Amino acid sequence: MSPPAIKSLYAGYRFPAEVISQAVWLYFRFPLSLRMVEEMLAARGIVVSHETVRQWALKFGREFACRIRRRLPRAGDKWHLDEVAAKIAGVQHWLWRAVDQTGVVLDVLVQSRRDKRSAKRLLRKLLKRQCRAPRVMVTDKLPSYGAAKREVMPGVEHRQHKGLNNRAENSHQPTRRRERQMKRFKSPRQAQRFLSTHDQIANLFRLRRDHVSAVQYRAARARAFEVWAGISGVAAAA
């Protein structure tokens, strides 16, 4: 990203890029409320309101997520799809999510139904974003997946077995933690906007500790922070 584009991103804001990017990172990276982020910044002598943090998250979070998506390696060719119920404004909705075989979240879609039409919307969105069909699609035994796949991706191998889809089911756990912290999502639009950003930032900082040494883990973490500095403009503004 060129310096003029980075500069224009923060144009008109009295706080520097380091402060704004840190606030956005804290809010989306950890299960923190807006007021918790406000207090953490206050401990550093930075006085902002939780409403300011919310506005930063709205504007910069989406832009950072888009930049992360462009920087991350190409997703795997095995897609795990799953849906989980969520109460939003007292009405049951469904959070549809797709991850690849390494656990990287490909996309999330908040929908009011759990039918063939909803499954088709998710598959079409995935194809548009990934620009290719997967080699294998793994789902639970919900009939909507099979019906949608036959129309959208007829040549793709489809495996339907609950035990094979633990990777997708586990990907919902961070959402559940945030849902509790936020005392439920207030609207489908808010949930979609938040989760689309949250999942991409989580992808960047998805650092595995198993089967790697401490040196390898720290090197991977340092690379993630380098990417974050680049997409948030901190490195260019320093």
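The values are calculated or read from the model by the stated rules, or taken from the named source; none is laboratory data. Only a predicted model underlies this, so the values are computations on that prediction, with no experimental measurement involved. Every residue, glycine among them, receives a Cβ derived from its backbone with ideal geometry; neighbour counts consider all protein chains shown.
Look at the stretch 182-203: where a residue is more than 28 Å from G76 (Cα to Cα) and in contact (Cβ under 8 Å) with a residue 40 or more places away in the chain and a partner is buried (at least 17 other Cβ atoms within 10 Å of the Cβ) and among the charged types (D, E, K, R), sitting 6+ places away or on another chain with Cβ atoms under 8 Å, you get F185/E179.
Filtering the stretch 184-238 to residues that are crowded, with 19+ Cβ neighbours inside 10 Å and in contact with a His (Cβ under 8 Å, 6 or more places away or on another chain) leaves only A191. The residue that is nearest to V234 (Cα to Cα), among those in the stretch 5-30 that are in a helix (DSSP H, G or I) and of a type in the set (F, W, Y), is W25. Restricting the first residue to the stretch 79-91 and requiring it to be in contact (Cβ under 8 Å) with a residue 12 or more places away in the chain and farther than 20 Å from K125 by Cα, which pairs with a second residue that is outside any strand (DSSP E or B) and of a type in the set (F, W, Y) meet a Cβ separation below 6 Å and a spacing of at least six or different chains? Sorted first by the residue in the stretch 79-91, then by its partner, the pairs are I88/F185. Scan (1) touching a Ser or Thr at 6+ places or on another chain (Cβ under 8 Å); (2) in the same structural domain as T139 (by TED's automatic domain parsing); (3) buried (at least 16 other Cβ atoms within 10 Å of the Cβ) for the single condition A89 breaks and write down its number. Of (1) touching a Ser or Thr at 6+ places or on another chain (Cβ under 8 Å); (2) in the same structural domain as T139 (by TED's automatic domain parsing); (3) buried (at least 16 other Cβ atoms within 10 Å of the Cβ), only one is false for A89: (3).
Considering the stretch 31-58, and only residues there that are part of a helix (DSSP H, G or I) and of a type in the set (S, T, N, Q), the residue that is nearest to L195 (Cα to Cα) turns out to be Q55.
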